[in-house]
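Here, each number is a calculation from the coordinates, and none is a lab measurement. The model shown is predicted, which means the values in this text are computed figures rather than measured ones. A quick note on method: Cβ atoms are made from the backbone with ideal geometry, for glycine too, and the neighbour counts reach across all protein chains shown.
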Amino acid sequence: MKLPLYQLDAFSGRVFGGNPAAVCPLGDWLDDGLLQAIAAENNLAETAFFVRGPRGIELRWFTPTIEVDLCGHATLATAALILDHLGPERDAVAFETRSGRLMVQRDGEGFAMDFPADPPAPVEPCAGLVEALGAQPLEILAGRDYLVRLADESTVRRLVPDLAALARVDRRGVIVTAPGQVYDFVSRFFAPGAGVPEDPVTGSAHCALAPYWSRELGKRELRAFQLSARGGEVLCAHLGDRVRLWGRCAFYLEGQITV
């Protein structure tokens, strides 16, 4: 069986920046084991698969090791593929997902995504989290992931966590964040237990970061930057129980796989 495969760099206006995602359109859903094997073979943070179903476009996301409930950068990549290449006459696309209906629309040079907010609340961290990070937190909260506030941008940038220890935390991943020097806030995201040691740019993490920093800074709209080696800019707006995330996308690869 031959399947089309595309790769795009999300949250970046240029190739080799942002977060690479593979996108695989399907006529019908394949066996979950095969989807997981394709994602493992691609060995990117996420591979997105979509099918045009009776309720609309059904979208699923796989890391190299698991299926996840929400992924921002692979949703952005899928929307850019559809709106810029497969259906350029359209201005918006809606996806049916494990996290409900997600709408993406053209917005200037990029795309605006409507996602559910994941406001974090203070928690008692699991044993070993602080030691694994190797930095003293100012605050520890959690929603889907741990959100750890550190002292400043430099501390976030220099952080070298123990990834093997982080793989044992009791949530999907760990967001570290601090106020930015140029941006409203900066962050990094680690999810080694989900097959992603450090994610270059994480849309779903900003579903927690946007509500947190909106409250801290008293601003609804925020400019954010994820301080991975590739780096990426995310423009956020906190809209109550939803967040709007804006980013650009660069087309990198079109090919075909045989399975």
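What does the helix-only formula give at 222 nm for the chain: each DSSP H stretch with n ≥ 4 adding -39500 (n - 2.57), the total divided by the residues, and the result rounded to the nearest 500 deg cm²/dmol?
-5000 deg cm²/dmol
For region 214-225, in order, what is each residue's ³J(HN,Hα) by Karplus, 6.51 cos²θ - 1.76 cosθ + 1.60 with θ = phi - 60°, in whole Hz (x at glycine and Pro)?
Using θ = phi - 60°, the values come out as 4, 5, 5, 9, x, 10, 7, 9, 9, 9, 10, 9 Hz.
Tell me which chymotrypsin sites (Phe, Trp or Tyr not before Pro) from region 155-259 have a DSSP coil assignment and no more than 11 other beta carbons within 10 Å of their own.
Values: sites: Tyr183, Phe185, Phe189, Phe190, Tyr212, Trp213, Phe225, Trp246, Phe251, Tyr252; in loops: Tyr183.
Within region 155-259, no chymotrypsin sites (Phe, Trp or Tyr not before Pro) qualify (loop, at most 11 other Cβ atoms within 10 Å).
Between Arg106 and Thr65, what is 0.36 nm times their sequence separation minus the Cα-Cα distance? Round to one decimal in nm.
Computed gain between Arg106 and Thr65 is 11.6 nm.
Relative to the longest principal axis of the chain, what angle (0 to 90°, nearest 10) does the C-alpha long axis of helix 72-81 take?
The two axes meet at around 30 degrees.
For helix 32-42, report the angle its Cα long axis makes with the longest principal axis of the Cα atoms of the chain; keep it between 0 and 90° and round to the nearest 10°.
On a 0 to 90 degree scale, this one is about 70.
Provide the per-residue ³J(HN,Hα) series for region 82-92, in order, calculated from phi with Karplus coefficients 6.51, -1.76, 1.60 and θ = phi - 60°, each as a whole number of Hz, with x at glycine and proline positions.
The phi angles translate into 5, 6, 9, 10, 8, x, x, 6, 8, 10, 8 Hz.
Name the chymotrypsin sites (Phe, Trp or Tyr not before Pro) in region 1-98 that are in a loop by DSSP and that have at most 14 other C-beta atoms within 10 Å, would you?
Listed in order of number, the matching sites are Phe16, Trp29.
Which of the peptides 123-134, 200-211 is most tightly packed, and how do the rest follow, judged by the mean count of other Cβ atoms within 10 Å per residue?
On the way: 123-134: 15.1, 200-211: 28.7.
Ranked by mean Cβ neighbours within 10 Å, highest first: 200-211, 123-134.
Report the extension gain between Val182 and Val259 in nm, rounded to one decimal, defined as 0.36 nm multiplied by the number of residues separating them, less their alpha carbon distance.
This chain segment gains 23.1 nm when fully extended.
Plugging the Kirkwood radius over Cα pairs into Stokes-Einstein for the chain, at a temperature of 20 °C and a viscosity of 1.002 mPa s, what D comes out in µm²/s?
Result for D is 117 µm²/s.
Take each of the peptides 164-171, 111-118, 236-243, average the number of other beta-carbon atoms within 10 Å over its residues, and list them starting from the highest.
Peptide ranking by packing, descending: 111-118, 236-243, 164-171.
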